[in-house]
Each structure stands twice: as structure tokens, then as C-alpha cells.
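What follows is a set of notes on a single structure, which appears directly below.
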Amino acid sequence: MSWRLEPIDPDSLGGRGQGYSNGMLAPAGARLLFVAGQVGWDGARRLVDGGFVPQLERALENVVEVVRAAGGAPEHVARLTLYVVDRGEYLRQLGAVGAAYRRVFGRHFPAMALVEVAGLLEPGARVEVEATAALPPAPEGPG
């Protein structure tokens, strides 16, 4: 039997949203991983060039990097929260945002929220992404 998150999308809420699920149910025994806010910077903590979409893609990649370091994969991400400094910038680039998202997460659509904020801690950051992942149980060691 495969270990998977189950999307929860009640018909009373219009079913699945466009690009997100209303809820994600983790199977019994899941290990929860809480990923701190990630901005679009590289290993040297330099923001990537190119503005909003490249920063978003790198921030998503950074989230997945943390998930992988804990033994998970992109499909184990149950929730994403995107903090943006300009909601209009997000909406104007929605096609490119979707393409960047799919390059990192494929067709996996966790529960998501987008929050517009006055600013982010990292100067020059346009977006920050935090996540919760539900990882499969740890493999049992010998003995």
C-alpha cells in the first residue's frame, strides 16, 4: 500500500480550488515537518536575480530541499503559505507563477494560502514560503 496524503475538497466549497486543495489529510503515523519561511536565496544567502517569479521558484526549491533533508519528497508537502509584498505582482504574473510552481511540485497541490504583507525580513525579498509536510514513518532500524 502506498503512503499518500489525501486531498479533502468538499463539494459544498466548490470542490478543488484552482492550483490548491482545500485540505490535506495525512495518514496515521505521519511525521510532521514544519518548514520555516524560505526566501529565494541560494546557499550563500544571496537572493536570485530576476524578480518575483525566480525568487518564488527558488523559495519553493528551498522548501523541497528541507523536506528532502528530512527524508520526504515534494508530494509530502501538505500545506504552503506564500507571503508576498505585492499581491498585484503575483496576480500579474500568474501564468509564470504556475509554470514555476509545476517545475518544482509537478501536479501536487497542497492546501495553500497567500498573504500580502507590508515587508519581509530579508531586504529585497519579494516572497517568502513556509510549509508543513507529512512524512512517511521513519524506517525501523535494526534490532
- Query: Quick one: would you say Glu89 is surrounded by fewer than 20 Cβ atoms within 10 Å (Cβ to Cβ), charged (D, E, K, R), outside any strand (DSSP E or B) and modelled with pLDDT under 95?
  - Reply: no
- Query: What single numbered condition from (1) touching a Lys or Arg at 6+ places or on another chain (Cβ under 8 Å); (2) of a type outside the set (A, V, I, L, M, F, W, C); (3) surrounded by 21 or more Cβ atoms within 10 Å (Cβ to Cβ) fails to hold for Arg58?
  - Reply: (1)
- Selection over the stretch 1-50 where residues are among the acidic types (Asp, Glu), part of a loop (DSSP other than H, G, I, E, B) and either surrounded by fewer than 11 Cβ atoms within 10 Å (Cβ to Cβ) or touching a strand residue (DSSP E or B) at 6+ places or on another chain (Cβ under 9 Å) (or both) yields a count of 2
- Subset of the stretch 97-143 [under 25 Å from Ala26 (Cα atoms), surrounded by 12 or more Cβ atoms within 10 Å (Cβ to Cβ) and among the basic types (Lys, Arg)]: Arg102
- When (1) of a type outside the set (A, V, I, L, M); (2) under 14 Å from the mean Cα position of the chain (by Cα); (3) not in a helix (DSSP H, G or I) are applied to Glu75, the one that fails is (3)
- The condition of being over 22 Å from Gly23 (Cα atoms), at pLDDT below 95 and among the aliphatic types (A, V, I, L, M) holds, among Ala125, Ala70, Ala99, Ala138, only for Ala138
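The values are calculated or read from the model by the stated rules, or taken from the named source; none is laboratory data. All values derive from a computational prediction rather than experimental measurement. Virtual Cβ from ideal backbone geometry, glycine too; neighbours counted across all protein chains shown.
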